[in-house]
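The values are calculated or read from the model by the stated rules, or taken from the named source; none is laboratory data. Not measured: the values here are computed from a predicted model. Glycine gets a Cβ as well: all are built from the backbone with ideal geometry, and neighbour counts include every protein chain shown.
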Amino acid sequence: MIGADNQALEFLVANRSSLFAGVPIVFCSVDDYSPDMLKGQRDITGVTGELDFEGTISLARRLHPGIGSVREMGMDTEYIGLVPLFWPHATEGDRLSLI
């Protein structure tokens, strides 16, 4: 079974014995991962979805040196407005704005 986000992993772990007994689980895009999320179960592996706004914006600026401003846009209210928290070295010159 493959689960893509925290809610999917939680569902798979909680319902594995009754719906997917003996089936390995692979997860991706899980935020704030902790081994406790697996509830002691085995044959579960995957990758996390750590956010790296600063690294992403720095890479964009290196690839496109003429960038004049950076704007944050998203539909997931969980992340809207978080760029300043994850990009603590942003300055007024970065012209970061929320759309």
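Beta carbons closer than 6 Å, at least 6 apart along the sequence or on distinct chains, pair a first residue in region 1-18 that is surrounded by fewer than 17 Cβ atoms within 10 Å (Cβ to Cβ) with a second that is assigned to a helix (DSSP H, G or I) for Met1/Leu12. Pairing residues of region 20-38 that are in a loop (DSSP other than H, G, I, E, B) with residues that are surrounded by 15 or more Cβ atoms within 10 Å (Cβ to Cβ) and among the basic types (Lys, Arg), at Cβ distances under 8 Å and at least 6 apart in sequence or on separate chains, gives Val23/Arg16. The set of residues from region 40-66 being without any contact (Cβ under 8 Å) to a residue 12 or more places away in the chain and among the hydrophobic types (A, V, I, L, M, F, W, C) comprises Leu59, Ala60, Leu63. For region 29-48, filtered to residues that are hydroxyl-bearing (Ser, Thr, Tyr) and loosely packed, with under 15 Cβ neighbours inside 10 Å, the residue that is modelled with the highest pLDDT is Thr45.
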